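The values are calculated or read from the model by the stated rules, or taken from the named source; none is laboratory data. What you see is a predicted model, and the numbers here were worked out from it, not measured in a lab. All Cβ positions, glycine included, derive from the backbone under ideal geometry; neighbour counts span all protein chains shown.
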Amino acid sequence: MKVKSEARSNIALVKYWGKRDPLLNLPAAGSVSMTLSGLTTQTELEFADVPHDLIVLNGTTLEGKGATKLSTFVDRIRDASGEYRRVRMTSNNNFPTAAGLASSASGFAALTVAAAAAAGLELSPRELSVLARQGSGSASRSIPGGFVHWHRGELADGTDSFAESVAPPDYWDLACLVLVTVRGEKDIPSTAGMNQTMATSPYYQAWVDSVAGDITEALAAIATKDFEKLADVAERSCLAMHASALAAKPGVLYWNAKTVDLIHSVRSLRSQGIPCFFTIDAGPHVKVFCEAAHADRLKLVFEQDPNVIQIIMASPGAGARVVPS
Ligand code: PMV
């Protein structure tokens, strides 16, 4: 049976940075995110009598390390289902991969949903999240939609480290403007950045210790739709994560000059009375959150900004699912 699935990317409001188990992608702390409507991966997959997995990503057949990583991931589904044939799969992102925006979250979430269904596995959202997490940590958060809490979990087997929705997409009309600052820049992959931070940063433990309190605050801000509170905790979490990475030896620096310029612009807009805040992941782009009513105005501002080469607009998005093919 050929299955088609769809999943969206997500952006963390309280960041995930550091693993307590690198093989199972178990996080050192929990995190909170919003699933994004605008950044979607569509995957079509079937198990077939072919000699090896055939994986085409955005029109290019995957080879080498990338192919091995995905095959190893599909092996987990083969082992769980007893469907040991190889996969034939195509996956496409509707957002420019050359922009350097991580697509692993939406990609692994879409793959998990498609492969599980094609293998005849009937999994709960929680089980799908646990599985997606093993492909890429943040993919666990792209299984649910809307506003999402990924639980750190305590168990060594990772079965209690899953993400779940705390509010649906239509709960709070927020917008996220992804400000692309540079095209196709090679970043330090998130796992390498995390590992270096964990192994060498004197600030790493302080970062981990700060996360639980930030999660409580972010969840409370979401529960009460307190934008100011969410702005404070999200910027703080982002800056603390990057501070821990910057203090690694050698320092892990994801920002370029445009990133820093945009941080100042967002703070200046906020002090002028436009409610907005920034967050930044393992790359030089800046994501600006606002209430939807302010999105058009902010878009106009950033369209004039020479630091920005492209703007992708997103709003709270749905979770990963099988769609009609
Ligand atoms: O799951 P990964 O390996 O894509 O790591 C994600 C790390 C950050 O994007 C920097 C933070 C986060 O919580 O998404």
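Take the conditions (1) more than 13 Å from the ligand (Cβ to nearest atom); (2) surrounded by fewer than 20 Cβ atoms within 10 Å (Cβ to Cβ); (3) not assigned by TED's automatic domain parsing to the domain that holds CYS290; VAL182 misses just one of them, which is (3). Scanning segment 228-243 for residues that are away from the ligand (no atom under 11 Å from the Cβ) and in contact with a helix residue (DSSP H, G or I) (Cβ under 6 Å, 6 or more places away or on another chain) gives LYS229, LEU230, VAL233, ALA240.
The residues on offer are THR224, THR197, THR191, and the sole one that is of a type outside the set (Gly, Ala, Ser) and free of Cβ contacts under 8 Å to residues at least 12 places away in the same chain is THR224. Each residue in segment 266-293 was checked for being closer than 23 Å to VAL14 by Cβ and among the polar types (S, T, N, Q), and 1 of them qualify.
A Cβ distance below 8 Å, combined with a sequence gap of six or more or placement on separate chains, defines the contacts here; from segment 59-71, residues that are in the same structural domain as LEU45 (by TED's automatic domain parsing) reach residues that are in a helix (DSSP H, G or I) in the pairs LEU62/LEU70; LEU70/LEU111.
Scanning segment 1-43 for residues that are outside any strand (DSSP E or B) and not aliphatic (A, V, I, L, M), we see that the one that is farthest from the ligand (Cβ to nearest atom) is LYS2.
Restricting to segment 6-30, name every residue that is over 11 Å from SER161 (Cα atoms) and polar (S, T, N, Q). Once the filter is applied, which keeps residues that are over 11 Å from SER161 (Cα atoms) and polar (S, T, N, Q), segment 6-30 yields SER9, ASN10.
Residue-level check: of (1) closer than 30 Å to VAL32 by Cα; (2) surrounded by 17 or more Cβ atoms within 10 Å (Cβ to Cβ); (3) among the aliphatic types (A, V, I, L, M), ALA80 misses just (2).
Scan segment 1-20 and report the pairs whose first residue is at positive phi and whose second residue is more than 10 Å from the ligand (Cβ to nearest atom) and of a type in the set (Phe, Trp, Tyr), with Cβ atoms within less than 8 Å and a gap of 6+ or a chain change. Between residues of segment 1-20 that are at positive phi and residues that are more than 10 Å from the ligand (Cβ to nearest atom) and of a type in the set (Phe, Trp, Tyr), the close pairs are GLY18/TYR204; GLY18/TRP207.
A single entry from LYS186, LYS225 fulfils the requirement of being out of contact with any strand residue (DSSP E or B) (no Cβ under 8 Å at 6 or more places or on another chain), at positive phi and not hydrophobic (A, V, I, L, M, F, W, C): LYS225.
Does ALA245 qualify as being of a type outside the set (Ser, Thr, Tyr) and surrounded by fewer than 21 Cβ atoms within 10 Å (Cβ to Cβ)? Full working, then the answer.
Working: of a type outside the set (Ser, Thr, Tyr): yes; surrounded by fewer than 21 Cβ atoms within 10 Å (Cβ to Cβ): no.
So ALA245 fails the test.
LEU230 fulfils the conditions (1) out of contact with any strand residue (DSSP E or B) (no Cβ under 7 Å at 6 or more places or on another chain); (2) under 14 Å from ALA12 (Cβ atoms) except for a single criterion, (1).
Against the condition crowded, with 21+ Cβ neighbours inside 10 Å and within 21 Å of ILE222 (Cβ to Cβ), how does VAL130 come out, does it pass? No: the conditions fail for VAL130. In the set PRO27, PRO22, only one residue is of a type outside the set (Val, Ile, Thr), in contact with a Phe, Trp or Tyr (Cβ under 9 Å, 6 or more places away or on another chain), under 20 Å from ASP157 (Cα atoms) and in the same structural domain as PHE147 (by TED's automatic domain parsing); that residue is PRO27.
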